[in-house]
Amino acid sequence: MRSAPDPVPVEIDRSSETEIRIEWSDGHETVYPARVLRLLCPCADCVDEATGVRTLDPATVPQDVRALGIRLVGRYAVEFDWSDGHGTGIY
């Protein structure tokens, strides 16, 4: 028996200055605080590529960080331009 495919984002936008809203293909909607997503950035500037240890110091990310731009990358990922100048993480 085949399982249902994992839901994929069908719409991503800012629900407020400091929140990101994602609508999923299964109809579910999730709202994430922008700072939480920024702190989870998986890029090589924020996570050591060799060890996987997070190198981003949370104290350097403003409490009011927001997404200035949101782009889909391919068919499965999202990239943000953050108000703190960061923009290399692909989520």
- Along the stretch 21-30, what does the Karplus equation 6.51 cos²θ - 1.76 cosθ + 1.60 (θ = phi - 60°) give for ³J(HN,Hα), rounded to whole Hz, x for Gly and Pro? 10, 10, 9, 9, 4, 8, x, 6, 10, 10
- Only one of the values [x] 78; [y] 89; [z] 117 was calculated from this structure for volume of the Cα convex hull per residue in Å³; name its label. [z]
- Message: So, for the stretch 1-52, what is the accessible surface per residue at a probe of 1.4 Å, expressed in square angstrom?
- Response: 70
- Between Arg54 and Ile12, what is the label-to-label distance in nm when each label sits 7 Å out along the Cα-to-Cβ direction? 1.9
- Net charge contributed by nearby residues that have their C-beta within less than 9 Å of Arg71 (K/R +1, D/E -1): -2
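Counting each DSSP H run of 4 or more residues in the chain as -39500 (n - 2.57), what helix-only mean residue ellipticity at 222 nm follows after dividing by all residues, to the nearest 500 deg cm²/dmol? Write out the running numbers ahead of the final one.
Numbers: 1 runs with 6 residues, N = 91.
Computed ellipticity for the chain at 222 nm equals -1500 deg cm²/dmol.
What length, rounded to one decimal in nm, is gained on full extension from Tyr32 through to Thr88, with 0.36 nm per residue of separation minus their alpha-carbon distance? Intermediate results must be reported in sequence, preceding the final value.
On the way: separation 56, 0.36 × 56 = 20.16 nm, distance 1.90 nm.
18.3 nm is the gain from fully extending Tyr32 to Thr88.
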- Task: Pull up all non-local amide H partners of Ile90: gap of 5 or more, or a different chain, and H-to-H distance under 5 Å with H placed in the peptide plane.
- Result: Cys43
- Query: Round to a whole number: what % of the accessible area of the chain belongs to carbon and sulfur, probe 1.4 Å?
  - Reply: 52
- Residues whose placed amide H lies under 5 Å from that of Arg14, excluding near-sequence neighbours: Arg21
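The values are calculated or read from the model by the stated rules, or taken from the named source; none is laboratory data. From a predicted model like this one, the values you see are computed outputs, not experimental measurements. Virtual Cβ from ideal backbone geometry, glycine too; neighbours counted across all protein chains shown. SASA here: full protein model, heavy atoms, side chains in, ligands and nucleic acids out. Shrake-Rupley method; radii C 1.70, N 1.55, O 1.52, S 1.80 Å.
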